[in-house]
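Colleague: What follows is a single structure, and I will ask about it in a moment.
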Amino acid sequence: MEEEECGLGKSCARSEPVAAAQPAGSPGETPAVTAESPELANYSSKCVFCRIAAHQDPGTELLHCENEDLVCFKDIKPAAPHHYLVVPKKHFENCRYLKKDHIELIENMVTVGKAILERNNFTDFANTRSIFELWGHGKCPEELYSSLKNYPVEKMVPFLHSDSTYKIKIHTFNKTLTQEEKVKRIDALEFLPFEGKVNLKKPQHIFSILEDYGLDPNHIPENPHNIYFGRWIADGQRELIESYSVKKRHFIGNTSMDAGLSFIMANHGKVKKNDIVFDPFVGTGGLLIASAHFGAYVYGTDIDYNTVHGLGKASRKNQKWRGPDENIRANLRQYGLEKYYLDVLVSDASKPSWRKGTYFDAIITDPPYGIRESTRRTGSQKEIPKGIEKCPESHVPVSLSYHLSDMFFDLLNFSAETLVLGGRLVYWLPVYTPEYTEEMVPWHPCLKLISNCEQKLSSHTSRRLITMEKVKEFERTVEWIRSFLEFSCDLAEAAVLFWVRD
């Protein structure tokens, strides 16, 4: 999880964006209305948000907002890389003054918040877990309590009054707490001015303690790296992960990409409506499904004839052979996405058959590696080692090995040549953790490294999700080829170690 904020006061959601905002006006203030014009009929000179909306705060830059009833701007003290406020121009004393008539207003605020995040290249809504209004943060319990005591009481009161109901939940990341430990943490918050009644089934307000124990499941620390406390605002769209689950999918293979990871890769690729997305190692098409969900037209190739055509042995238990309609197109049809299907061809990624030109907005792929998914390419009679019986002249063998270094060389070169400017390449790089260095990440003079994220597989192996963006037109330089050859030696050695331990 990462911190992302945008909205309702201050909102905290790890690895997830937030897109709502607090209605203008500080809680508890008495409106001072100046009705010199109809536009100012709902204006309070004491409200900082009203002054910003009226362009009376020269220090605050208003961002473009499609809704004339709202304004959007960056938080003056951002608590995350993406921390924006969307507020209505109409003055509200506090949230308690909202009525059913204002539901459309709140929905519009959420829509505008999401649009702002998308314009700033944050589109990972499908993997959003929850959104919280951040009240306090610390590296240890003492720091958290100190932060909470400094949070303005007037912002707490609307949710803690005697007529309200609430409950407190504990969320831990990479660690499980006993019930006794959870109760102890909740009891330690008795200094907060809770006056309402506890309701565990249908509370009006839910508060959460979030404890972050890092990302390494093999080395879980005794104490958390960070602790957060806040008010729950809403849950994200994680139901997509369940609805697109591989377990429910019509056509799968032994290495079909997890739905959650597929959506993450599509978001890293900035996939959007009417894009063209290509997967050169398409397999059973899991990445195409995630891209099509966002409205992109999808295309893929794979060297395995049986996989592309849905033939051969089934991957499911108690099923010997694949059915007559088990293929990638049937998967897209299952989710109502068939209209985004362009085609899937049997093709060798080492010998692309494309004309020179730029075709793709994103290339998103999971190259084959490890024991369950060996790397292969087509070859000629001359490439077959001596001592092996040659095939007829009309047959091209598909069993020649395809070294990882060669595969990544071809992948980066193909991406630099066929991506549009600003297009993205997203792929997985397997590494042997003890010997991994950042210099092992492949590079190309036309591609800029955007992100390098680790997914741990074991105590000694992991894979890196690499995201690159095309920043200039294709060119192949001698310096790049020489550097890549040096990289190939390091990667080949690491790949052997990864494969042996896989």
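Every read-out reported here was derived from the displayed coordinates using simple, explicitly stated rules and does not represent laboratory data. This is a predicted model, so every value here is computed, not measured. Backbone-built Cβ (ideal geometry, glycine too); neighbour counts: all protein chains shown.
Colleague: On full extension of the chain, what length is gained from Asn218 through Glu104, given 0.36 nm per residue of separation minus the C-alpha to C-alpha distance?
Modeller: 36.4 nm
Colleague: If you don't mind, there's one more thing I want to ask. What ³J(HN,Hα) values, in whole Hz, does the Karplus curve 6.51 cos²θ - 1.76 cosθ + 1.60 give for segment 351-360 when θ = phi - 60°, with x put for Gly and Pro?
Modeller: Listing the rounded values in order: 9, x, 9, 7, 5, 5, x, 10, 10, 10 Hz.
Colleague: Now for a different question. If contacts are Cα pairs under 8 angstrom and at least 6 residues apart, what is the relative contact order of segment 86-202 in percent?
Modeller: 23 percent.
Colleague: Take every Cα pair under 8 Å in segment 48-120 that's 6+ residues apart, average their separations, divide by the length, and report that relative contact order as a whole percent.
Modeller: It comes to 27 percent, rounded to a whole number.
Colleague: Sort out for me the Cα centre separation of segment 229-257 from segment 294-335, rounded to whole Å.
Modeller: The distance from the Cα centre of segment 229-257 to that of segment 294-335 comes to 20 Å.
Colleague: Structure shown: which of Lys46/Lys100; Lys351/Lys470; Lys175/Lys202; Lys114/Lys339; Lys270/Lys351; Lys114/Lys273 lie over 23 Å apart, alpha-carbon to alpha-carbon?
Modeller: Values: Lys46/Lys100 26 Å; Lys351/Lys470 21 Å; Lys175/Lys202 27 Å; Lys114/Lys339 26 Å; Lys270/Lys351 27 Å; Lys114/Lys273 15 Å.
Result: Lys46/Lys100; Lys175/Lys202; Lys114/Lys339; Lys270/Lys351 exceed 23 Å.
Colleague: Right, something else. For Val71, what residues show an amide H to amide H distance below 5 Å, using hydrogens built from the backbone and excluding near sequence neighbours?
Modeller: Val87, Lys89
Colleague: So which trypsin sites (Lys or Arg not before Pro) in segment 177-228 pass both tests, a DSSP loop state and at most 10 other Cβ atoms within 10 Å of the Cβ?
Modeller: Of the trypsin sites (Lys or Arg not before Pro), the ones in loops of segment 177-228 whose Cβ has at most 10 other Cβ atoms within 10 Å are Lys201.
Colleague: Given a cut-off of 14 Å, what percent of all Cα-Cα pairs of segment 48-120 lie beyond it?
Modeller: Every Cα pair in segment 48-120 considered, those over 14 Å come to 61 percent.
Colleague: I would also like to ask the following. At most 13 other Cβ atoms within 10 Å and a DSSP loop assignment: could you name the chymotrypsin sites (Phe, Trp or Tyr not before Pro) in segment 180-253 that fit?
Modeller: In loop regions of segment 180-253 (DSSP not H, G, I, E or B), the sparsely surrounded chymotrypsin sites (Phe, Trp or Tyr not before Pro) are Phe191.
Colleague: So, one more: Rank by packing, highest mean first: peptides 266-272, 58-64, with packing defined as the count of other Cβ atoms within 10 Å averaged across residues. Please list the in-between numbers first.
Modeller: On the way: 266-272: 23.3, 58-64: 10.9.
The packing order, highest mean first, is 266-272, 58-64.
Colleague: Expected output is a single nm value to one decimal: the length gained when fully extending between His225 and Leu342, i.e. 0.36 nm times separation in residues minus the C-alpha distance. What is it?
Modeller: On the way: separation 117, 0.36 × 117 = 42.12 nm, distance 4.62 nm.
So the extension gain works out to 37.5 nm.
Colleague: Distances longer than 25 Å among the Cα atoms of segment 130-235: what percent of all pairs is that?
Modeller: Values: 1045 of 5565 pairs.
Tail of the P(r) past 25 Å holds 19 percent of the pairs.
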